[in-house]
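No lab work stands behind these numbers, since they all come straight from the coordinates. Keep in mind it's a predicted model, so treat the numbers as computed, not measured. Methodologically, a virtual Cβ is constructed for each residue, glycine included, from the backbone with ideal geometry; neighbour enumeration extends over all protein chains shown.
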Amino acid sequence: MNISQRLVADFVANDVGFITTVPCKQLAGVIDAVEAHDAIRHVPANKEDEGMGLCAGAFMGGTRSAIIMQNTAIGVTINTLVTLIQYYRMPLPMLISYRGELREPVACQAEMAVHTKALLAQLNVPTYHFHKTADADEFDAILKYTFMCNKPVAILTDASFWGGYGE
Amino acid sequence: MIRSEILRDIAPILDGQLVVCNIGIPSQELHAIHDQASNFYMLGTMGLASSIGLGLALSQPKTVIAIDGDGSVLTNLGTLPTIANNVADNYILLIIDNGSYGSTGDQPTYAGMKTRLEDVAPACGCANVVSCTGEDTGYVLKAAIAGGQQTVIVCKCDSGNAKMPVITMDPVTIRDRFMGAVKA
């Protein structure tokens, strides 16, 4: 089982049955694994705030939900995180590609990377950073924590975690 | 007809249905006219009523009616392709299209100018799009519920707001009683 399949297996083991995604090259393998899994309804979203709305609806319908997106989306979704997910106390695991970190080839990605953790801290969003493959061992516990406390939780996965950009 | 008159008209049809209602004055009007546990009022996050409604419809079997506005649909225009490509036959999107941003002072929307949401929705791939007047909304909504097919209703009506109190119910209470109604 590769790392993408392991993460998706942890989602399924924690009864996550609805996942919305916005594409990212780094997360392409996970998105494929989500699409391929029979236990998950995969609904691609056009924008991350739309995706969070879909997740909120699925959660209220009785299905645990999650979003997969880039860290640039933190800039897009602050209002949704605060006035929908946090205000109504909904759990939302956010599996995020942490673009703009070490091994990043695109300079503009670093501009949002330097704000990512500060923004999440300002929003009081519990945040975990996967840098090495072994860090994913905690993913199951992070999901359990998210559904225990009914909060959005960020899991930042950087280029080193995914094995770089093929450089 | 203005929005509050339409809501008053369709309140008996909404009774007992799962309703996700748009932020601002629409939710205030629905709350004042026909509050019920199965109403989910949006207190923030303009534009996401249709997305919340779709996620809800895809996740459980009961009929879901999302009451949205033309301004909010324009804010989250990406919702229409998502609705079209993820068909939930228990989902009805009712767009009260009064051509204005009612909650912020009735500034005109582009839907009140050149843009026709009843043309945009089919162009996005939505299969059952019905345009109607305010007076016909109840009839069209009833037919959509009975039809059991995903439907987008674009209700063309006049701009204007009824003066209703702000919703002071706690958001967690709104969510909790709504989830109770979903499960019931």
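Over the range B:3-183, what is the relative contact order in percent, taking alpha-carbon pairs closer than 8 angstrom and at least six residues apart?
For the range B:3-183, the relative contact order is 26 percent.
Want the number for A:GLU167 to A:ASP32: 0.36 nm per residue separation, take away the alpha-carbon distance, what's left?
Full-extension gain reported as 46.4 nm.
What residues qualify as long-range amide H neighbours of A:TYR128, i.e. H under 5 Å apart, gap of 5 or more or another chain, H built at 1.01 Å from N?
Those lying under 5 Å, H to H, from A:TYR128 are A:ALA154, A:ILE155, A:LEU156.
Tell me, what is the FRET efficiency for A:GLU138 and A:LEU102 to the nearest 0.05, using R0 = 22 angstrom and their Cβ-Cβ distance as r?
The pair A:GLU138/A:LEU102 has a calculated efficiency of 0.60.
Could you work out which residue, out of A:GLY61, A:GLY29, A:GLY100, moves most in a Gaussian network model of chain A, that is, has the largest mean-square fluctuation with Cα springs under 10 Å?
Evaluated over chain A, the most mobile residue of the options is A:GLY61.
Could you put B:ASP136, A:ASP49 in order, starting from the residue whose Cβ has the fewest other Cβ atoms within 10 Å?
With the sparsest Cβ surroundings first, the list reads B:ASP136, A:ASP49.
Residues with amide H under 5 Å of A:GLN70's amide H, sequence separation 5 or more or different chain, H placed in the peptide plane at 1.01 Å from N; which?
HN-HN under 5 Å from A:GLN70: A:SER97.
Roughly speaking, what is the centre-to-centre gap between the range A:25-101 and the range B:58-101 when only Cα atoms are used, to the nearest Å?
The two parts, judged by their Cα centres, are 19 Å apart.
Using the Kirkwood radius over Cα pairs, work out the Stokes-Einstein diffusion coefficient for the range A:1-54 at 4 °C and 1.567 mPa s, in µm²/s as a whole number.
For these conditions, the coefficient is 114 µm²/s.
When only C-alpha pairs under 8 Å and at least 6 residues apart count, what is the relative contact order of the range B:1-82, in percent?
Relative contact order, the range B:1-82: 32 percent.
5 Å is the cut-off here: which amide hydrogens, built 1.01 Å from N in the peptide plane, fall below it relative to A:SER160, excluding neighbours closer than 5 in sequence?
Answer set, sorted by chain and number: none.
Looking at this model, which pairs from A:LYS47/B:LYS183; A:LYS47/B:LYS114; A:LYS25/A:LYS144; B:LYS62/B:LYS183; B:LYS62/B:LYS142; A:LYS25/A:LYS47 are more than 21 angstrom apart at the alpha-carbon? Display every interim value, and only then the final one.
On the way: A:LYS47/B:LYS183 29 Å; A:LYS47/B:LYS114 25 Å; A:LYS25/A:LYS144 27 Å; B:LYS62/B:LYS183 10 Å; B:LYS62/B:LYS142 15 Å; A:LYS25/A:LYS47 16 Å.
Result: A:LYS47/B:LYS183; A:LYS47/B:LYS114; A:LYS25/A:LYS144 exceed 21 Å.
Using a Gaussian network model of chain B with C-alpha springs under 10 Å, which one of B:GLY99, B:GLY44, B:GLY138 is most mobile by mean-square fluctuation?
The residue with the greatest mean-square fluctuation here is B:GLY44.
Where the convex hull is taken over the Cα atoms of chain A, what is its projected area averaged over directions, in nm²? Numbers along the way, then the final one.
Numbers: hull surface 34.8 nm².
Its average projected convex-hull area is 8.7 nm².
So what is the calculated 222 nm ellipticity per residue for chain A, using -39500 (n - 2.57) for each DSSP H run with n of 4 or more, over all residues, to the nearest 500 deg cm²/dmol?
That calculation yields -12500 deg cm²/dmol at 222 nm.
Give the dimensionless ratio obtained when the Cα radius of gyration of the range B:3-183 is divided by 2.2 N^0.38 Å.
Rg over 2.2 N^0.38 Å, computed on Cα atoms: 0.92.
Averaging sequence separations of C-alpha pairs under 8 Å and six or more residues apart, then dividing by the length of chain A, give the relative contact order as a whole percent.
On the way: 290 pairs, mean separation 39.5, N = 167.
Over chain A, the number comes to 24 percent.
Bin width 20 Å, origin at 0, all Cα-Cα pairs of the protein assembly as shown: what percent of pairs per bin?
32, 54, 14, 0
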